[in-house]
Amino acid sequence: MSHNVLITGGSGYLGGDLLARMGAANLPPYRKLYASVRTAEQADGVRQYGAEPLFFNLKDESEIRTTVIDREITVVFYLIDAVQYEPPLFFIQALSEVKKATGRTVHFLHTTGAKLFSSHADAPTDRPLLDTDPQLYEIQKSQNPKLNVAREGVRTNCAVVEQAEKYGVRGYVFVPCIVYGKSKGFGEPVSTLRQIYMIVRAAKTLGRVYRVDSARPEWPVCHIADNTAAYIELLRKILTDENPSHGKNGYYLASSGSIAWDDLYDAIAAALVKRGVIADGSVTLASEKNVEDMGTALGVPKEMVPVQLGGKCTLSARRAREELGWKPAYPAEHILEAADGEVEWVLEHLRD
Ligand SMILES: NC(=O)c1ccc[n+]([C@@H]2O[C@H](COP(=O)([O-])OP(=O)(O)OC[C@H]3O[C@@H](n4cnc5c(N)ncnc54)[C@H](OP(=O)(O)O)[C@@H]3O)[C@@H](O)[C@H]2O)c1
């Protein structure tokens, strides 16, 4: 029972679900569970799962250092920001100090996103890209995305692998994809980062659903319960010191398979027609003006619209199944059946 575990982002969509499901996961014993929070309400929220809330600025190096070292935290699951470069490295350095002081193995999990393994980030998409590919780190290293945000995100993924190796920390790059389903967390019920939310929001403003790609690209998907199960199975292996693959072999995509964006658009359009939100459920290719209007509706520059609502990603999940015994409960096509309920739920929570 040697580990102290810190979960960050517990008020979020993914982190909230993780905290909420950890209790019933029959995890091996650990010493203490901490969760980072930013408000008193969030502190109450995480206490209900037996986590001690920690108030600290996750972007402040000295606060991270002090918090991690003073509490001898040995496992950090970072679920707040896929892109920003420094915070994961602050955690890795702090964990290496804990290792020096205690002799324990220390672990850092960085939550990235499938976008950074997609056409948007200059990843290869002409073949399946396995998360067990021993060249995946080199592939990431050779990607040269045009978009600044993708460039920064890929750089962060690579730096996590490199710095963890350098400082003797076991590093994991966990890759969520299109995650759907209700979070069991206590925080925001609808993450504004989620693709279904954005498709609905854009359609509501423009009066119809538009596709942003012409070539019927596919993207990996995952029900939130399965996504969380992958986090939990990795944590289980860490807590039992089973040495799960890490470093250059530490990429874990949580996905039960891929679907075509076009099929998702169709399902969402049908759900919106059924509720009288739009009149025409046929999905057509967006013009430049449509893309501009979608950007305005989503509050993002027009260049980001195809990045948020389309693209091709051939990353395929092998490692969690093969090494963690992870078995997703929901097949990829389930998202198309679930789209009706998702749309209902997003419409209930859409603020404007
Ligand atoms: N959801 C998906 O489908 C998906 C897919 C691929 C990748 N990801 C990545 O996974 C991560 C989590 O996604 P999510 O959907 O759970 O996001 P989310 O619902 O927006 O949650 C983000 C969490 O991070 C916290 N946070 C944000 N900035 C912070 C800061 N400066 N200091 C401390 N805490 C901060 C938020 O706290 P507050 O509640 O206080 O704001 C919240 O707990 C993100 O990096 C996202 O890019 C998500």
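The values are calculated or read from the model by the stated rules, or taken from the named source; none is laboratory data. Computed from a prediction, not measured in an experiment: that's the story for all the values here. Ideal geometry is used to build each Cβ from the backbone, glycine not excepted, and the neighbour counts take in all protein chains shown. The area values use the complete protein model at the heavy-atom level, side chains included, leaving out ligands, DNA and RNA. Shrake-Rupley method; radii C 1.70, N 1.55, O 1.52, S 1.80 Å.
With protein chains left intact and a 1.4 Å probe, residues in the chain average 41 Å² of accessible area per residue.
Dipole of the chain computed with +1 at Lys/Arg Cβ and -1 at Asp/Glu Cβ about the Cα centre; of LEU116, VAL300, ASN290, farthest Cα towards the positive end is LEU116.
The residue among ALA25, THR156, VAL212 whose Cα reaches farthest toward the positive pole of the charge dipole of the chain, with charges on the beta-carbon of Lys, Arg, Asp and Glu, is ALA25. Taking all Cα pairs closer than 8 Å and separated by 6 or more residues, the relative contact order of segment 78-195 comes to 35 percent.
In terms of overall dimensions, segment 244-352 has a Cα radius of gyration and Dmax of 17.4, 51 angstrom. Given a 10 angstrom Cα cut-off, can you work out which residue in VAL273, VAL175, VAL161 is the most mobile in a GNM of the chain? Maximum fluctuation in the GNM of the chain, among the listed residues, is at VAL273. For segment 231-345, the carbon plus sulfur part of the accessible surface works out to 49%, probe radius 1.4 Å. Remark: accessible surface ordering of HIS334, HIS3 (largest first) is HIS334, HIS3, probe radius 1.4 Å. When THR314, THR8 are compared by accessible area of protein heavy atoms, the largest-first order is THR314, THR8, using a 1.4 Å probe. Measuring with a 1.4 angstrom probe and ignoring ligands and nucleic acids, ASP60 comes out at about 50 Å² accessible. The simple spin-label model puts a point 7 Å past each Cα toward its Cβ; for ASN243 and THR66 those points are separated by 3.8 nm.
The Rg/Rh ratio for segment 41-137, using Cα coordinates for both the radius of gyration and the Kirkwood hydrodynamic radius, is 1.06. Mind pulling the angle between the C-alpha long axis of helix 13-22 and the longest principal axis of the chain? Nearest 10 degrees, somewhere in 0 to 90. Compared with the principal axis, the helix lies near 50 degrees.
Applying the criteria of a DSSP loop state and at most 15 other Cβ atoms within 10 Å to the GluC sites (Glu not before Pro) of segment 257-352 yields GLU333. Note on the chain: Cα convex hull, mean projected area over all directions, 16.4 nm².
Using a cutoff of 8 angstrom between alpha carbon atoms and counting only pairs six or more residues apart, the relative contact order for segment 215-352 works out to 41 percent. Return the tail of the calculated pair distribution for segment 119-259, meaning the percent of Cα-Cα pairs more than 21 Å apart. That tail contains 54 percent of the Cα-Cα pairs. The mean sequence distance of close C-alpha pairs (under 8 Å, at least 6 residues apart), as a share of the length of the chain, puts its relative contact order at 20 percent. Among beta bridges from DSSP that stay inside the chain, the antiparallel ones total about 10%.
ARG71 exposes around 80 Å² of accessible area when a 1.4 Å probe is run over every protein chain in place.
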